[in-house]
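The values are calculated or read from the model by the stated rules, or taken from the named source; none is laboratory data. Values in this document were obtained by computation on a predicted structure and should not be read as measured data. Cβ placement follows ideal geometry from the backbone for every residue including glycine, while neighbour counts extend to all protein chains displayed.
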Amino acid sequence: MSKRHDAVFDDVLKDLDDERPARDRSGARFLKRSTTIADQAAGNRQEKVLRLVDPDTCVMWERHNRAYDLLTEANCRDLIDGILSQGQQEFPAIVRRVSPEQEGQGVEYEVICGARRHFAISWLRANNYPKFQYLIEERELTDEEAFRLADIENRDREDISDLERARDYAAAVEAYYGGRQNVMAERLQVSPTWLSRYLQMARLDPRIVAAFPSLRDVRELHARQLKPLMADSAGAEAILAEADRIAMEQKAGQGVPVAKVMSRLKQAAKPAPERSAVDKVYRQKPGETGVQVRRRGKRVRLEFARDLEAVALRAALEQFIKDRDG
């Protein structure tokens, strides 16, 4: 064959060779599509529709377990930096449609999970990054389902305080489970004892909460430690009175740390040590504080001021020894 014929022959063969991979690719696409449909039919695959929306169209669910007003740039800084680094919000918030009444107010969704993500995107949009949008996944959920979903997502997160979680549980046990703690524990798949501790914490007196630097500083352990000390009215009154004093110091900016708060509250509940009456006072001359003598059983205690002069102390002790020896 001539070179020209060789070239033509090669072109024909090339076209024939290309047909098979094309058919193979088409078959692979068909097989993949068929597999996807089969997976969906069998329940092994779920398709989710994600949307990017203006965060202003979303509000927090009224039973959201995070105190949104406590979110700040500082405690959301890690998330803000992560979104900036990735150029987008990586994980969608879980939302559901609001009621028709709320829709009339320009709101479309209520946030079940994703308060920090909502705050972070809103903060970025207000601080020179207006193109960021809030990534959401819309679901149809009952209130009880929404509660359990939010609890599962946030149970192990340290940025939700024990008190926030406790109050959320206390509201949920009445709203969704008819006050039956065992039913709620079973639905949440936690032990009844564990749940009971948080429900007990939710009943912590607000005066005690106010004594801490922030409600985020109040731990379930703190409530557990204070509970037996407040079992009687005298202990409860003493602790609450001390809590009021600490709260005033916190408001005045004295910054009483958590450890000190607990120390003072525990100490307040302890009864003052029993002291015996002063039996007699020995002094060198009238007007001096002298040496006070307290007798308790077979023991005698002598008390005197640290700055009592040596001459006066010696004279008072001599009187005491003379009196004791008769």
What number of residues in region 130-158 are among the acidic types (D, E) and touching a Pro at 6+ places or on another chain (Cβ under 6 Å)?
1
Filter result (in contact with a Leu (Cβ under 9 Å, 6 or more places away or on another chain) and in a helix (DSSP H, G or I)) within region 80-117:
I80, I83, L84, A115, R116, R117
Out of all the residues in region 100-152, which are under 17 Å from R51 (Cα atoms) and of a type in the set (S, T, Y)?
Y109, S122, Y134
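Taking region 64-79 only, how many residues are assigned to a loop (DSSP other than H, G, I, E, B) and either crowded, with 21+ Cβ neighbours inside 10 Å or touching a helix residue (DSSP H, G or I) at 6+ places or on another chain (Cβ under 8 Å) (or both)?
We begin by selecting, within region 64-79, every residue assigned to a loop (DSSP other than H, G, I, E, B); these are 64-67, 71-76.
Next, only the ones that are either crowded, with 21+ Cβ neighbours inside 10 Å or touching a helix residue (DSSP H, G or I) at 6+ places or on another chain (Cβ under 8 Å) (or both) stay: 64-67, 71, 73, 76.
So the count comes out to 7.
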If E237 satisfies all but one of (1) among the acidic types (D, E); (2) touching a residue at least 12 places away in the same chain (Cβ under 8 Å); (3) farther than 26 Å from L70 by Cα, what's the number of the condition it fails?
(2)
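Got at least one residue in region 248-255 being of a type in the set (A, V, I, L, M, F, W, C) and in the same structural domain as P213 (by TED's automatic domain parsing)? Before you say what the answer is, go through the steps one by one.
Let us first name the residues in region 248-255 that are of a type in the set (A, V, I, L, M, F, W, C), namely 248, 252.
So of that shortlist, the ones also in the same structural domain as P213 (by TED's automatic domain parsing) come out as 248, 252.
Checked against the condition, which is being of a type in the set (A, V, I, L, M, F, W, C) and in the same structural domain as P213 (by TED's automatic domain parsing), region 248-255 yields at least one hit.
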Pull out all pairs, ordered by first then second residue, where Cβ-Cβ is under 7 Å, the residues are six or more apart or on different chains, the first lies in region 153-177 and is under 15 Å from R219 (Cβ atoms), and the second is exposed (fewer than 15 other Cβ atoms within 10 Å of the Cβ) and of a type outside the set (K, R).
D159/N75
Just need a number here: residues in region 138-156 that are of a type outside the set (G, A, S) and either part of a helix (DSSP H, G or I) or not assigned by TED's automatic domain parsing to the domain that holds L71 (or both).
10
Between residues in region 90-119 that are more than 19 Å from E144 (Cβ to Cβ) and in the same structural domain as A146 (by TED's automatic domain parsing) and residues that are assigned to a helix (DSSP H, G or I) and of a type in the set (K, R), which pairs lie under 7 Å by C-beta distance while being six or more apart or on different chains?
A93/R117
Which numbered condition M184 misses (of (1) assigned to a helix (DSSP H, G or I); (2) assigned by TED's automatic domain parsing to the domain that holds A268; (3) modelled with pLDDT of 95 or more):
(2)
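Would you pick out the residues in region 51-63 that are assigned to a loop (DSSP other than H, G, I, E, B) and surrounded by fewer than 16 Cβ atoms within 10 Å (Cβ to Cβ)? Working first, answer last.
To start, the set of residues in region 51-63 that are assigned to a loop (DSSP other than H, G, I, E, B) comprises 54, 61-63.
Correct list: D54, E62.
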